[in-house]
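> Have a look at the structure that comes next, please.
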Amino acid sequence: MLPLQLPVSSTALAIFDPGVARSWRVFDRPSGAGQFRVMLSLAKAADGTERLAAVVIHVGRPPIAKWTVAHFEKHKKPSPDQLPRCTSSSGWIALSDGAGGAPGVTPLAPSTGLAPVACPLTDGRNALALPCGNGEFAAYWAVDAADKPICLVVDFDVFSQKDWKAKPRP
């Protein structure tokens, strides 16, 4: 668990690339309001370096009944074989309160390592920026039996399908 929390005063979460003005996407499932706990999942590469594998934002309480793809508001839902993607070309992805609209390009303080960076937005909201590398990333909701969200997971595609099926080394 990180000491940083993601404050959300509306009922929606948004994701964006802080280096790209028109990358703002609001998730279509309401998250509720509150101070949400953030967890990072790290992966060790073959060369021994660690990379960010996923970020988990806890918005509810277990138990998890099922997992579902996270779609975006005001976007046509893709076919089942196409996942909606969050794109990063700056090497960063940021999560924020979905109210208030896109913040535009957001300057970030320098970061060392894999630690997330809290970045205040000009309208008073706060975003949590994560060093994820360039790429397209999928997001998933864990929901309970009443279809209420428990957590949002942004998967940074660190492992290939082949890696997932590989047996761990002793």
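> Residues to consider are PRO84, PRO62; find the one that is assigned to a loop (DSSP other than H, G, I, E, B), farther than 20 Å from LEU121 by Cβ and more than 15 Å from the chain's Cα centre (by Cα).
The conditions single out PRO62.
> While we're looking at this one, here's another question. Would you please name the residue that is surrounded by the most Cβ atoms within 10 Å (Cβ to Cβ), looking only at residues in the range 131-170 that are outside any loop (DSSP other than H, G, I, E, B), charged (D, E, K, R) and modelled with pLDDT under 90?
That would be ASP163.
> How many residues does the range 27-53 contain that are under 22 Å from GLY135 (Cβ atoms), of a type outside the set (Asp, Glu) and in contact with a strand residue (DSSP E or B) (Cβ under 9 Å, 6 or more places away or on another chain)?
The number of residues fulfilling the criteria is 12.
> When the residues of the range 31-53 are filtered to those that are among the charged types (D, E, K, R) and either touching a Lys or Arg at 6+ places or on another chain (Cβ under 9 Å) or in a loop (DSSP other than H, G, I, E, B) (or both), which remaining residue is surrounded by the fewest Cβ atoms within 10 Å (Cβ to Cβ)?
The selected residue is ASP47.
> Continuing with this model, one more query. Looking only at the range 104-117, decide whether some residue is in contact with a Leu (Cβ under 8 Å, 6 or more places away or on another chain) and not in a loop (DSSP other than H, G, I, E, B).
yes
> A follow-up question, please. Being closer than 20 Å to GLY104 by Cβ and among the β-branched types (Val, Ile, Thr) is the filter; apply it to the range 9-21 and report the residue that is modelled with the lowest pLDDT.
VAL20
The values are calculated or read from the model by the stated rules, or taken from the named source; none is laboratory data. It should be emphasised that the depicted structure is a prediction, and the values quoted were computed from it without experimental measurement. Positions of Cβ are backbone-derived with ideal geometry, glycine not excepted, and every protein chain shown enters the neighbour counts.
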